[in-house]
1. Exactly one of (1) polar (S, T, N, Q); (2) modelled with pLDDT of 85 or more; (3) assigned to a helix (DSSP H, G or I) is unmet by Ser58. Its number?
2. Quick one: would you say Ala9 is in a helix (DSSP H, G or I), open to solvent by less than 80 Å² (accessible area, probe 1.4 Å) and more than 23 Å from Asp75 (Cβ to Cβ)?
3. Would it be correct to say that Gln82 is modelled with pLDDT under 95 and exposed (fewer than 10 other Cβ atoms within 10 Å of the Cβ)?
Amino acid sequence: MQDTIDYEARIKAIYREHYRDVYQYLYYFTGKREHAEDLTQEVFIRVLDALGRYEERSSVKTWILHIAKHVAIDDYRKRRVQTLFGMELLKGLPSLLGRPEAELVSKEEQLEIEQAM
């Protein structure tokens with residue numbers, strides 16, 4: 001229980017300390033306040049997912065801004081593709097992974113099987 005509280009406190013401290021830097025970096029990159037806010041949220045979701053793998057070879061700020069750079073690049077590429085091909089064309093392309101609903105059901109069934117074992 002204490003580990004969970006410590007982990008949550010660490011996450012909150014990281015967020016408070018680095019939110020503004022990440023937001024300003026992404027605002028500079030996008031030029032749009034709302035878009036920078038959305039990307040900042042994406043950065044901290046990725047930080048949460050990767051926090052257990054953080055190796056402390058660089059400062060936390062450097063690591064987070066590295067993640068922010070990749071989020072910005074991914075977003076740029078996505079928007080460039082949307083601009084080049086238009087959303088209507090992209091919506092008509094079939095997914096290689098199948099329907100999201102079917103994937104979710106499949107993952108839930110797999111989880112139930114694993115828990116039952």
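The values are calculated or read from the model by the stated rules, or taken from the named source; none is laboratory data. Source: prediction; values computed, not measured. Here the Cβ is made from the backbone with ideal geometry for all residues, glycine too, and neighbour counts use every protein chain on show. Each accessible area value is taken on the protein alone, full model and side chains, heavy atoms only, with ligands, DNA and RNA left out. Shrake-Rupley method; radii C 1.70, N 1.55, O 1.52, S 1.80 Å.
1. Every listed condition holds for Ser58 apart from (3).
2. Taking the combined requirement at face value, the residue satisfies it.
3. So Gln82 does not fit the description; no.
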